[in-house]
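To start, the structure itself, in structure tokens.
The values are calculated or read from the model by the stated rules, or taken from the named source; none is laboratory data. Note that the coordinates shown come from a computational prediction; the quantities given were computed from them, not determined experimentally. Every residue, glycine among them, receives a Cβ derived from its backbone with ideal geometry; neighbour counts consider all protein chains shown.
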Amino acid sequence: MDVANLSGVSKSTVSNVIRGAGRVSDATRRRVLDSIEALGYRPNALARDLVRRRANTVGVMVGDLANTFYAGLVKLLEVEASDAAYTTMVCNTDGELALERARVETLLERAVVGVVLLQFSGDRMVLDALRGAQVPAVVVSCHDERVDCVAVDDRAGMSAAVEHLYDLGHRAIAHVSGHLVEDSTRAARAAGYEAAMRKHGLPPRLLSADDWENGDPGAVRRLHELVSGNAGLTAFAAGNDVMAVRLIDQLEAGGLRVPEDVSVIGFDGIELGAHSRIGLTTISQPREELTTRGLELLLDRVRGGSVAAPPRCVTLEPRLIVRHSTAAPRA
């Protein structure tokens, strides 16, 4: 950090100079080396230390550790990385772009061997920083064609959610999403919802969970009116399970019953949804396969695969799990 501040460059640039990696101008390299000398560091010893730590540390960057789906992925990654003789360093970004950029700089400063991106925003500067440092990365749980990735077919999964509700007899179905779902994932799931609705000649209705999740009385009242008023919604397909559980809580707090008055289906398959009190019908993601395949792609690059080779994308199939938050619409 002191070297970066004194030389006026990023921490990843300092790391690149020490390791002799990336593209660094002669002037910048000289400035960094002068700063190292002025601060009394021993560059060769520091470089050896960085190399040692790079040998067995995988960085994991996650958008929201409060979401148990991603917390579960982190736990699986930690176990699988340990089995492969690697340690993990986890950074949470709270879905904020500035924090995402800062966290990747921190991981590069720690000279990680590679980075797993969970709930990735898709920010180009993050990928550029990783490429510049010649550190491989893999995106897990959402699609990104610019880098190795492993994800489920989000579009097909949300289409399956609508088909399930349609088969039960629902025709007034709304899709609910929010800012904590990655942009690419949110778009794919919304597209799957709209395609399934139009297939059956039904008008799509897109809603934002951000409007009512903070408990604003006016927003909650409008949510209830969508069910009990002229809109006559009988089902919600939520963008993820966390939103689905919160939606059920808001609906039931206002006197509506799930599924007697309105059905709710989620997406992800978090453990909380399986509790008997909630019984959330959901589109489940194969978490173990997501992390296993993702780590395989990353370590293949680490152990000799070219970082510059074309990206590889793996698409997995989601699975419908029917519980008791969905039922035939009320008469």
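Is it the case that R303 is exposed (fewer than 15 other Cβ atoms within 10 Å of the Cβ), of a type outside the set (D, E) and on the phi < 0 side of the Ramachandran plot? So R303 fits the description; yes. Take the conditions (1) closer than 26 Å to D154 by Cα; (2) without any contact (Cβ under 8 Å) to a residue 60 or more places away in the chain; G239 misses just one of them, which is (2). If the condition is being modelled with pLDDT under 90 and part of a helix (DSSP H, G or I), then the stretch 229-257 contributes only A253. Of the candidates R146, R131, the single residue that is assigned to a loop (DSSP other than H, G, I, E, B), touching a residue at least 40 places away in the same chain (Cβ under 8 Å) and surrounded by fewer than 18 Cβ atoms within 10 Å (Cβ to Cβ) is R146.
Have a look at L272, L316 and point out the one that is over 17 Å from the mean Cα position of the chain (by Cα), surrounded by fewer than 24 Cβ atoms within 10 Å (Cβ to Cβ) and in contact (Cβ under 8 Å) with a residue 12 or more places away in the chain.
On the way: L316 fails: over 17 Å from the mean Cα position of the chain (by Cα).
That would be L272, the only listed residue that is over 17 Å from the mean Cα position of the chain (by Cα), surrounded by fewer than 24 Cβ atoms within 10 Å (Cβ to Cβ) and in contact (Cβ under 8 Å) with a residue 12 or more places away in the chain.
Could you please let me know if R303 is without any contact (Cβ under 8 Å) to a residue 24 or more places away in the chain, charged (D, E, K, R) and more than 23 Å from V150 (Cβ to Cβ)? Criteria not met by R303. When residues in the stretch 59-87 are screened for being surrounded by 18 or more Cβ atoms within 10 Å (Cβ to Cβ), outside any loop (DSSP other than H, G, I, E, B) and either aromatic (F, W, Y) or over 17 Å from the mean Cα position of the chain (by Cα) (or both), 4 of them pass.
On inspection, M158 qualifies as among the aliphatic types (A, V, I, L, M), closer than 30 Å to H200 by Cα and part of a helix (DSSP H, G or I).
Here the condition is being exposed (fewer than 14 other Cβ atoms within 10 Å of the Cβ) and either touching a Cys at 6+ places or on another chain (Cβ under 8 Å) or under 26 Å from H164 (Cβ atoms) (or both); of R246, R257, it holds for R257 alone.
On the given criteria, is A161 of a type in the set (A, V, I, L, M) and touching a helix residue (DSSP H, G or I) at 6+ places or on another chain (Cβ under 7 Å)? Break it down into steps so the answer makes sense when it comes.
Details: of a type in the set (A, V, I, L, M): yes; touching a helix residue (DSSP H, G or I) at 6+ places or on another chain (Cβ under 7 Å): no.
Taking the combined requirement at face value, the residue does not satisfy it.
In summary, F120 fulfils each of the numbered conditions (1) surrounded by fewer than 23 Cβ atoms within 10 Å (Cβ to Cβ); (2) assigned to a loop (DSSP other than H, G, I, E, B); (3) under 16 Å from the mean Cα position of the chain (by Cα) with the single exception of condition (1).
State the number of residues belonging to the stretch 277-307 that are farther than 30 Å from V242 by Cα and more than 24 Å from the chain's Cα centre (by Cα).
Narrowing the stretch 277-307 to residues farther than 30 Å from V242 by Cα: 299-307.
Checking the rest, the ones that are also more than 24 Å from the chain's Cα centre (by Cα) come to 303-306.
Going through the stretch 277-307 one residue at a time, the tally reaches 4.
For the stretch 274-291, residues that are modelled with pLDDT under 95 and within 18 Å of V181 (Cα to Cα) total 0.
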